[in-house]
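Since every read-out is calculated from the coordinates, none of them should be taken as a lab result. Given the structure is predicted, the values throughout are model-derived calculations rather than measurements. FYI the Cβ positions are ideal-geometry reconstructions off the backbone, even for glycines, and counts take in every protein chain you see.
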Amino acid sequence: MQDLNQITEPQPKEDEAEPQTATETEARHEATGRNIDAIFGVKLDVRVVLGRAKLPISEILNLSKGSVIELDRKVGDPVDIMVNDRMVARGDLVKVRGGMIGVALREIVKDFVTD
């Protein structure tokens, strides 16, 4: 059995020493696959949820052009911004260029990351 006083942390070999400059750090991260830039191009599914409704199948089968589905929100209520089926923010609908609509963020949901 080893004496606990004799146990020391392993010292890095000279070629494994931590880089000293930002350029060396970046090069090392690229070499070890820890460069976060690699994920910046990943596309995520983003949806804006205006509201929800639960309908019996019989009502869904009777829907036709001009039917109105009543949602659980009022006019002016914030919409939910979902990323990969997880709510991350709330916002307001706004008109943008060319008659298109967009969402102005009102609030970022702080607890959208789960443990």
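When each of the peptides 90-97, 56-63 is scored by how many other beta carbons lie within 10 Å of its residues on average, the order from highest to lowest is 90-97, 56-63. Derived scalar couplings between HN and Hα for the stretch 79-84 equal 9, 9, 9, 10, 10, 6 Hz in order, rounded to whole Hz, by the Karplus curve 6.51 cos²θ - 1.76 cosθ + 1.60 (θ = phi - 60°), x for Gly and Pro.
Neighbours of residue 48, meaning other residues whose beta-carbon lies under 11 angstrom from its beta-carbon, give a summed charge of 0 when Lys and Arg score +1 and Asp and Glu score -1. Compare the Cα positions of 46, 84, 58 along the charge dipole of the stretch 44-108 (+1 at Cβ of Lys, Arg; -1 at Cβ of Asp, Glu; about the Cα centre) and return the one farthest towards the positive end. Of 46, 84, 58, it is 46.
Out of residues 5 or more away from residue 109 or on other chains, whose amide H comes under 5 Å of its own, with H placed 1.01 Å from N in the peptide plane? Residues meeting the criterion, in which the H sits 1.01 Å from N, are 89, 90.
The lysines within cross-link reach of residue 74, meaning a Cα-to-Cα straight distance under 22 Å and a gap of 8 or more places when in the same chain, are 54, 95.
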